[in-house]
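> Pasting in a structure now, in structure tokens, and then I'll have a few things to ask.
The values are calculated or read from the model by the stated rules, or taken from the named source; none is laboratory data. Here the structure is a predicted model, which is why all the values come from computation and not from measurement. No Cβ is skipped: glycine too gets one built from the backbone with ideal geometry, and neighbour counts run over all protein chains shown. Keep in mind that these areas ignore ligands, DNA and RNA; they rest on the heavy atoms of the full protein, side chains included. Shrake-Rupley method; radii C 1.70, N 1.55, O 1.52, S 1.80 Å.
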Amino acid sequence: MKDYQSKNPYNGDILETYSKDTESDINAKLDKALAVETSWANIPIAERCELLTKVADLLLDRKEEYAELITKEMGKPISQSIAEIKKCAWACDFYALNAEDLLADELIATDADESFISNDPLGCILAIMPWNYPFWQVIRFAAPTLTAGNTALLKHAQNVTGCSIALEKLFLDAGYPEGCFQSIKAEHEEIEKLIAHNGIKAITLTGSEKAGKSIARTAGENLKKTVLELGGNNACIVWEDADLKKHMDTMVNARMQNTGQSCIAAKRFIVCEGIYDSFLEQFTEKVKALIIGDPMQKDTFIGVMAREDLAKTLQEQIDASIKKGAIVTLGNKRDGTFFSPTILTNVTVDMPVFEEETFGPVAAIIKAKDRKEAIEMAANSRLGLGSMLFTEDIDGAMNVISDIPDGGFFVNDMVKSDPRLPFGGTKASGYGRELSREGILEFVNKKTVYIKK
Ligand SMILES: O=CCCC(=O)O
């Protein structure tokens, strides 16, 4: 009996089984990473960028193959899997083009003849990544982090072990030296030991709040830096002057893409009274029209959830909210891993669908009496990944930017990640930033250099 199974959540087919790495397998991988650390750190950044360009090319050449693997392992509709791979190539190209500038010494005038910050690599970084964007979550960490001269060990979610292995091969095929990027199949106990090991210099985790606390605790005991991206309960605020016709597809996409399994999805729709009825009518119509079906079909927009237990958890959150007075306006049908796109109205701030992150295709809609109340409700969350506001009043939107203490604020668009912009949260959504200049500088030693001649 193998330890891990890759199982297609759409039809239950067992795709592959895998044995967990033993302690000595993991130590051997760490040794390999440590053996290459110095030579990798010392090659010119431009050469590392060339390799990254090769990764981008391979991603595009192999996009169908990788997309199929994603779809089969976690159920993402195939067109969205292809889009995920293209986005990975974009991030690689972005860093291949910009890393030299982003990592350049920062000169600072002082009493010294020369003083500057040198952005030196840290060494081996442990990445713990989730299944919902199995390539993207990894590439957005790996592209900048490796290019900064670090090496990486990836502990991926069990249900996407095939993707994890494919990612390791991708870097090798692109020409990265052995040991630069390796995937491990490990459990919590081995991860704790790795974090404590001197060879691991920092940890990045995208995952649940519970996992974040546990990893941060162990990392803290060992004085290791962490970057944590722990999910969100993003508000989609709709002021009474919003252009619904123009933005309705975006608002639906913001909730329903990836079958609702995205940390940055719009989870709480906070809609001003004056536009509530039109919003609900248009939103419901669009959600009803989403194509549900086999994730391998290119027109499918809503596939299945990645695991049955996730669908059950979503059901519990909905049931508990209905008990408190939420009304099912659409959907709420579950069958195994399938969950129909669901709209809940009459939502109040004390319901699980408002207070907790819902990781599936359910939109919780709440009425606000005015703009001010809408902003206050949006800010009322333990999580702080991002929020979006739809309005024609751009000055009014600019005035409320600092009223919601989230990591991102998007006006007339959905919260989305972009290699050029920092990505990350506040409060229980975690800390640290990925992507952009901030992302590549998370895992460097900002060394102060001071020279008197
Ligand atoms: O689940 C969160 C990440 C989604 C994204 O970066 O687009």
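> Tally time: how many residues in segment 9-49 are closer than 30 Å to ALA96 by Cβ, part of a helix (DSSP H, G or I) and not charged (D, E, K, R)?
13
> Something else now. Filter segment 219-230 for residues that are away from the ligand (no atom under 16 Å from the Cβ) and of a type in the set (A, V, I, L, M, F, W, C) and give the result.
ALA219, LEU223
> Can you list the helices (runs of 4 or more DSSP H) found entirely within segment 231-348 that contain at least 2 residues being more than 25 Å from LYS369 (Cβ to Cβ) and within 16 Å of the ligand (Cβ to nearest atom)?
Because the criterion is at least 2 residues that are more than 25 Å from LYS369 (Cβ to Cβ) and within 16 Å of the ligand (Cβ to nearest atom), the helices (runs of 4 or more DSSP H) in segment 231-348 that meet it are 244-256, 308-323.
> If you don't mind, there's one more thing I want to ask. Of all residues in segment 349-380, which are in a loop (DSSP other than H, G, I, E, B) and either touching a helix residue (DSSP H, G or I) at 6+ places or on another chain (Cβ under 8 Å) or among the aromatic types (Phe, Trp, Tyr) (or both)?
Matches in segment 349-380: VAL349, MET351, GLU356, THR358, PHE359, GLY360, PRO361, LYS369, ASP370.
> How many of the residues in segment 412-453 are in a loop (DSSP other than H, G, I, E, B) and either of a type outside the set (S, T, N, Q) or loosely packed, with under 15 Cβ neighbours inside 10 Å (or both)?
So the count comes out to 20.
> For residues in segment 119-131 being touching a strand residue (DSSP E or B) at 6+ places or on another chain (Cβ under 9 Å) and over 13 Å from ALA33 (Cβ atoms), which is nearest to the ligand (Cβ to nearest atom)?
Ranking the qualifying residues of segment 119-131, first place goes to PRO130.
> Looking only at segment 146-161, which residues are open to solvent by less than 10 Å² (accessible area, probe 1.4 Å) and away from the ligand (no atom under 16 Å from the Cβ)?
Correct list: LEU146, THR147, ALA148, GLY149, ASN150, THR151, ALA152, LEU153, LEU154, THR161.
> Ok, one more. Report yes if ALA99 is open to solvent by less than 10 Å² (accessible area, probe 1.4 Å), of a type outside the set (Asp, Glu), touching a residue at least 60 places away in the same chain (Cβ under 8 Å) and more than 16 Å from the ligand (Cβ to nearest atom), otherwise no.
Judged against the criteria, ALA99 is a match.
> Inspect all residues belonging to segment 364-383 and state whether any of them is within 27 Å of GLY331 (Cα to Cα), in contact (Cβ under 8 Å) with a residue 24 or more places away in the chain and among the hydroxyl-bearing types (Ser, Thr, Tyr).
yes
> Give LEU146, LEU172, LEU167 a once-over and let me know the one that is free of Cβ contacts under 8 Å to residues at least 12 places away in the same chain and assigned by TED's automatic domain parsing to the domain that holds ILE43.
After ruling out the rest, the residue left standing is LEU172.
> Scan ARG255, ARG268 and give me the residue that is open to solvent by less than 10 Å² (accessible area, probe 1.4 Å), among the basic types (Lys, Arg) and under 18 Å from the mean Cα position of the chain (by Cα).
ARG255 is the lone residue from the list that is open to solvent by less than 10 Å² (accessible area, probe 1.4 Å), among the basic types (Lys, Arg) and under 18 Å from the mean Cα position of the chain (by Cα).
> Can you tell me which residues in segment 193-212 are closer than 12 Å to GLU23 by Cα and either open to solvent by 50 Å² or more (accessible area, probe 1.4 Å) or not aliphatic (A, V, I, L, M) (or both)?
Hit for segment 193-212 is LYS193, nothing else.
> Restrict the check to segment 53-63 and report whether at least one residue is surrounded by 12 or more Cβ atoms within 10 Å (Cβ to Cβ), within 27 Å of the chain's Cα centre (by Cα) and outside any helix (DSSP H, G or I).
For segment 53-63, residues surrounded by 12 or more Cβ atoms within 10 Å (Cβ to Cβ), within 27 Å of the chain's Cα centre (by Cα) and outside any helix (DSSP H, G or I): present.
> So, ASN42, is that one surrounded by fewer than 16 Cβ atoms within 10 Å (Cβ to Cβ) and either on the phi > 0 side of the Ramachandran plot or at pLDDT 95 or above (or both) or not?
yes
> Within segment 401-411, can you find the residues that are open to solvent by less than 20 Å² (accessible area, probe 1.4 Å) and more than 14 Å from the ligand (Cβ to nearest atom)?
ILE404
> Right, another one. Could you look through segment 283-303, keep only residues that are surrounded by 16 or more Cβ atoms within 10 Å (Cβ to Cβ) and polar (S, T, N, Q), and pick out the one that is nearest to ASP335 (Cα to Cα)?
It comes out as THR300.
> Then there is this: Would you check if there is a residue in segment 78-89 being modelled with pLDDT of 95 or more and at positive phi?
no
> Among ALA112, ALA142, ALA104, which is more than 16 Å from the ligand (Cβ to nearest atom) and open to solvent by less than 20 Å² (accessible area, probe 1.4 Å)?
Exactly one of ALA112, ALA142, ALA104 is more than 16 Å from the ligand (Cβ to nearest atom) and open to solvent by less than 20 Å² (accessible area, probe 1.4 Å), namely ALA112.
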